[in-house]
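Rule-based calculations on the coordinates, nothing more; no lab input. In this text the structure is predicted, and so the values were computed from the model without any measurement. Every residue, glycine among them, receives a Cβ derived from its backbone with ideal geometry; neighbour counts consider all protein chains shown.
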Amino acid sequence: MNEILKELKNILIENNIDKNEAAAEVDFILKYLLNIKYEDIILQKKINNKIFDKAYKIVKKRAFTKKPLMQILGFTIFMNNKFKVSKDTLIPRVETELLIRTCENLISQNSKVLEIGCGSGIISIMLNKIKNCKVDSCDISIEALKIAKLNSKNLQTNVNFFYSDLFKNVNSKYDLIVSNPPYIPLTLKNYLQEEVKNFEPHIALFTNDNLGVEYYQKIIKNAFNYLLPGGFVAFELGINQAELVKKIFIKNNYKNIQTFNDLNNIARVIIAQI
Ligand SMILES: C[S@@+](CC[C@H](N)C(=O)[O-])C[C@H]1O[C@@H](n2cnc3c(N)ncnc32)[C@H](O)[C@@H]1O
């Protein structure tokens with residue numbers, strides 16, 4: 001077993017994939033092929049030739065194309081739930097759990113929530129699942145919306161997904177508007193990992209301004225018209241964006257602005273209230 005893991009891992013490492021990432025990816029592939037729960041560890045499970053061949057093919061594809069593993073497999077595990085992903089959806093990132101956990105504390109079962117930019121639907125689906133509240137959720141990508149709807153159906157949640165360019169098709173008011181918007185300036189594209197810049201949807205990643213705050217600005221400015229009294233806006237933040245976004249909230253007269261740090265002590269979530 002150890003030899004097999006090592007052999008598969010080395011194919012990835014030899015093709016410039018970071019060694020921790022390589023170990024995690026081989027573990028993920030084998031758990032999938034062996035049908036082992038993702039939270040369990042692979043102990044002495046027997047890997048027959050058929051499983052090895054399948055794992056080998058996936059590893060080769062990952063190593064030689066640099067396509068993200070989750071796009072090759074077509075799914076990811078996020079907060080212990082299986083979500084379908086595709087070339088049209090951002091691959092869910094662990095940071096986003098902090099945004100969901102923060103939002104959980106701002107709402108109740110009676111709350112109305114709007115998400116802008118749902119992608120695969122992780123935020124809306126998890127909030128609906130955990131709080132059983134009403135969630136409307138939009139995206140500008142028709143293909144991402146198809147995946148989000150499928151995920152909602154598979155996880156037996158009840159989210160109203162719809163097409164909208166930011167607030168254009170929104171005509172209700174909410175207790176919480178949440179978004180993990182695109183926040184990487186297009187000028188930084190060449191500094192990104194190949195996996196990200198060559199395979200993830202650019203509409204999910206990039207902004208046209210130099211600071212990556214274009215979407216925060218647009219959402220903060222317009223959210224006033226779509227929030228119920230005392231309503232909140234909650235965002236995931238890019239690294240080093242907390243102060244910039246805080247200033248935009250202040251300029252637009254929001255109050256009770258708070259940031260939340262991730263395990264590396266980086267501010268990754270910001271909330272504010274009208
Ligand atoms: C960073 S991704 C977040 C996806 C998902 N919410 C998550 O956390 O994994 C940003 C999302 O915003 C969507 N988006 C980009 N521009 C938009 C716009 N003008 N209106 C609505 N959604 C937009 C993208 O299609 C993408 O799905």
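Observations on the structure shown:
- Residues within the stretch 165-200 that are part of a loop (DSSP other than H, G, I, E, B) and either crowded, with 18+ Cβ neighbours inside 10 Å or among the hydrophobic types (A, V, I, L, M, F, W, C) (or both), tallied: 9
- Hits in the stretch 163-191 - residues which are under 18 Å from the mean Cα position of the chain (by Cα) and either aromatic (Phe, Trp, Tyr) or over 19 Å from GLU236 (Cα atoms) (or both): TYR183
- Condition met for LEU99 (in contact with a strand residue (DSSP E or B) (Cβ under 8 Å, 6 or more places away or on another chain), in contact (Cβ under 8 Å) with a residue 24 or more places away in the chain and farther than 14 Å from ALA204 by Cβ): yes
- Residues in the stretch 148-183 that are near the ligand (Cβ under 9 Å from one of its atoms) and under 16 Å from GLY119 (Cβ atoms): ALA148, TYR163, SER164, ASP165, LEU166, VAL178, SER179, ASN180, PRO181, PRO182, TYR183.
Per-residue answers, yes or no, for (1) closer than 21 Å to TYR215 by Cβ; (2) without any contact (Cβ under 8 Å) to a residue 24 or more places away in the chain; (3) among the small types (Gly, Ala, Ser):
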position	(1), (2), (3)
LYS129	no, no, no
ASN132	no, yes, no
SER137	yes, no, yes
ASN151	no, no, no
GLN156	no, yes, no
ASN160	no, no, no
TYR163	yes, no, no
LEU176	yes, no, no
ASN180	yes, no, no
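- Residue in the stretch 118-140 that is in contact with an Asp or Glu (Cβ under 7 Å, 6 or more places away or on another chain), at positive phi and either in a strand (DSSP E or B) or within 11 Å of the ligand (Cβ to nearest atom) (or both) present: yes
- Condition check for PHE83: touching a strand residue (DSSP E or B) at 6+ places or on another chain (Cβ under 8 Å), surrounded by 16 or more Cβ atoms within 10 Å (Cβ to Cβ) and touching a residue at least 24 places away in the same chain (Cβ under 8 Å): yes
- Selected residue (only one of LEU228, LEU263, LEU244 is under 17 Å from ARG101 (Cβ atoms) and out of contact with any helix residue (DSSP H, G or I) (no Cβ under 7 Å at 6 or more places or on another chain)): LEU263
- Residue in the stretch 197-245 that is farthest from ILE142 (Cα to Cα), counting only those that are within 11 Å of the ligand (Cβ to nearest atom) and of a type in the set (A, V, I, L, M): ILE219
- Filter pass, TYR56 being over 26 Å from LEU150 (Cβ atoms) and hydroxyl-bearing (Ser, Thr, Tyr): yes
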